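Trainee: Below is one structure. I have some questions about it.
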Amino acid sequence: MTVSSIEYNHSFTDKTVIHLRSNYNSWHNLKILPDGYWEYSSRGLYNDIEVSYIPSTKWKNIVGVSYNHFIGRRFKSQYNTYDVGRDNIWTDEFAAYLNGNIEFLKQFNFFYGGRYFVSKYDDIILDNFSPRLAITYRPIKFLSFKFIYGESFRVPSYFEKEVFSPRVIGNPNLLPERSQSFDFVIMAIHKGFQIDLNIFHNNIFDQIKRVDSEVDPDMKINMNTGTSRYYGMELNTKFIIQNRFQSFAGYAYTRGSDKETEEIKPFTYNHMFNLGFNWKLISQLSFTSSLKYLSDWGKAPSYTLLNAGLNVKPFKNTALHIEFKADNILDTEVLHPEIARVRETVPTYPLTMSRKFFIGVSFAF
């Protein structure tokens, strides 16, 4: 993998700053199979210019433009050909955007923004304007409410348009996905305890998914399948006791369905729970642990992951740290929801997350 980056910052005044950035990256990844290999590759140049304009402490703005030129490909040695990117066509993307916020009446903060986006691939040009608005209200010091409305736009990926395999066919005529989201957020912080509750409702128009091909029932094809609706909630908490014990816990519930038929979406998890803590037993010894549970998701069964670690500072006056860590203590198998399978010719990667142990040593000068 190769990554090159150039950045430039300049302050015209104390209220106006310009930021220029250009990145080039190139990467290759090889997936070895029993009958050959698949080689994934990508190259691209990514550029953006941002201007920050802050007239006052209560009014802030960022205006930017970006231009990206990139390509992604997949080579299959079994057929000695590219099934993705076979025509070696690059994608060009341009975007112009504005983000800002203004504070008024001390308790209110209004956020606004929008992005105009254009994508060109071969002779196909797609464009869209996506607005985003939000307002926060803080009635008392440790409590605030936030209402968010947003829209977004996603063009089909290389795989969705071009892939051709023994089971899946790409579709060059796919429409972009458009989404519309509504969020209501409650945030509270008081004496070392923090709680965030997010209730959301999202609509995705022209959602892309794999369906049975009308020509060959043994094949799958990528298609726009109408409007999908997703709603649920996320609850996250943090708790600190005198900088010796820190913990977090969270729960999320999501439900997805087809907006017209009310059919439940199979690739949406319903329940996720996570928990973790860092306990400083003494000044030179601390213990950490985390746990995650995810309910069944598509073809993948539910799973529980448990991690633990011990951080030791052998010498009080020396910045030497030794960490002992155990990941996936329960040796849990984790499968991908859409392609959970055990097949010799095309194994799921990663098929499992095996138990792993680490020892790390760090020293700060």
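The values are calculated or read from the model by the stated rules, or taken from the named source; none is laboratory data. Here the structure is a predicted model, which is why all the values come from computation and not from measurement. Don't worry about glycine lacking a Cβ; one is built from the backbone with ideal geometry, like all the others, and counts go over all protein chains shown.
Trainee: Could you figure out which of (1) under 24 Å from the mean Cα position of the chain (by Cα); (2) more than 26 Å from Phe200 (Cα to Cα); (3) not in a loop (DSSP other than H, G, I, E, B) isn't true of Asp83?
Mentor: All conditions are met except number (1).
Trainee: On the basis of being surrounded by 15 or more Cβ atoms within 10 Å (Cβ to Cβ) and either assigned to a loop (DSSP other than H, G, I, E, B) or modelled with pLDDT under 90 (or both), does Lys209 make the cut?
Mentor: Criteria met by Lys209.
Trainee: Hey, another quick one. So, in segment 257-294, of the ones that are under 17 Å from Asn202 (Cβ atoms) and assigned to a strand (DSSP E or B), which residue ends up nearest to the chain's Cα centre (by Cα)?
Mentor: Ranking the qualifying residues of segment 257-294, first place goes to Met272.
Trainee: I need the full set of residues from segment 153-202 which are surrounded by fewer than 17 Cβ atoms within 10 Å (Cβ to Cβ) and part of a helix (DSSP H, G or I), in order please.
Mentor: Answer for segment 153-202, where residues must be surrounded by fewer than 17 Cβ atoms within 10 Å (Cβ to Cβ) and part of a helix (DSSP H, G or I): just Phe159.
Trainee: Can I ask one more? Against the definition (surrounded by fewer than 17 Cβ atoms within 10 Å (Cβ to Cβ) and of a type in the set (S, T, N, Q)), how does Ser77 come out, yes or no?
Mentor: Numbers: surrounded by fewer than 17 Cβ atoms within 10 Å (Cβ to Cβ): yes; of a type in the set (S, T, N, Q): yes.
Yes: the conditions hold for Ser77.
Trainee: Another question, if that's okay. Test of understanding: among Lys356, Lys325, which residue is loosely packed, with under 14 Cβ neighbours inside 10 Å, under 30 Å from Leu30 (Cα atoms) and modelled with pLDDT of 85 or more? Full working, then the answer.
Mentor: Values: Lys325 fails: loosely packed, with under 14 Cβ neighbours inside 10 Å.
Sole residue among the options that is loosely packed, with under 14 Cβ neighbours inside 10 Å, under 30 Å from Leu30 (Cα atoms) and modelled with pLDDT of 85 or more: Lys356.
Trainee: So, one more: Which one of these does Thr13 not meet: (1) of a type outside the set (Phe, Trp, Tyr); (2) touching a residue at least 12 places away in the same chain (Cβ under 8 Å); (3) loosely packed, with under 15 Cβ neighbours inside 10 Å; (4) under 30 Å from Phe104 (Cα atoms)?
Mentor: Single failed check for Thr13: (2).
Trainee: Say whether the condition of being part of a strand (DSSP E or B), crowded, with 17+ Cβ neighbours inside 10 Å, over 23 Å from the mean Cα position of the chain (by Cα) and not hydroxyl-bearing (Ser, Thr, Tyr) is met by at least one residue in segment 41-55.
Mentor: No, every residue in segment 41-55 fails to be part of a strand (DSSP E or B), crowded, with 17+ Cβ neighbours inside 10 Å, over 23 Å from the mean Cα position of the chain (by Cα) and not hydroxyl-bearing (Ser, Thr, Tyr).
Trainee: Say whether the condition of being more than 30 Å from Glu39 (Cβ to Cβ), of a type in the set (Ser, Thr, Tyr) and modelled with pLDDT of 95 or more is met by at least one residue in segment 119-127.
Mentor: no
Trainee: Here's something else I'd like to know. State all residues of segment 1-38 that are under 24 Å from the mean Cα position of the chain (by Cα) and charged (D, E, K, R); if no residue qualifies, say none. Spell out how you get there, then give the answer.
Mentor: First pass over segment 1-38, keeping only residues under 24 Å from the mean Cα position of the chain (by Cα): 1-5, 21-31.
Residues satisfying the conditions are Arg21, Lys31.
Trainee: Please enumerate the residues belonging to segment 222-244 that are outside any strand (DSSP E or B) and within 26 Å of the chain's Cα centre (by Cα). Before you say what the answer is, go through the steps one by one.
Mentor: Filtering segment 222-244 for residues outside any strand (DSSP E or B) gives 225-227, 242-244.
Thr225, Gly226, Thr227 - these are the residues of segment 222-244 that are outside any strand (DSSP E or B) and within 26 Å of the chain's Cα centre (by Cα).
Trainee: Where residues in segment 184-221 are under 18 Å from Phe153 (Cα atoms) and not hydrophobic (A, V, I, L, M, F, W, C), which of them is farthest from the chain's Cα centre (by Cα)?
Mentor: This residue is Asp206.
Trainee: So, in segment 277-294, how many residues would count as being among the small types (Gly, Ala, Ser) and surrounded by fewer than 16 Cβ atoms within 10 Å (Cβ to Cβ)?
Mentor: Going residue by residue through segment 277-294, those that are among the small types (Gly, Ala, Ser) are 283, 286, 289-290.
Adding the requirement that they be surrounded by fewer than 16 Cβ atoms within 10 Å (Cβ to Cβ) leaves 283.
Count: 1.
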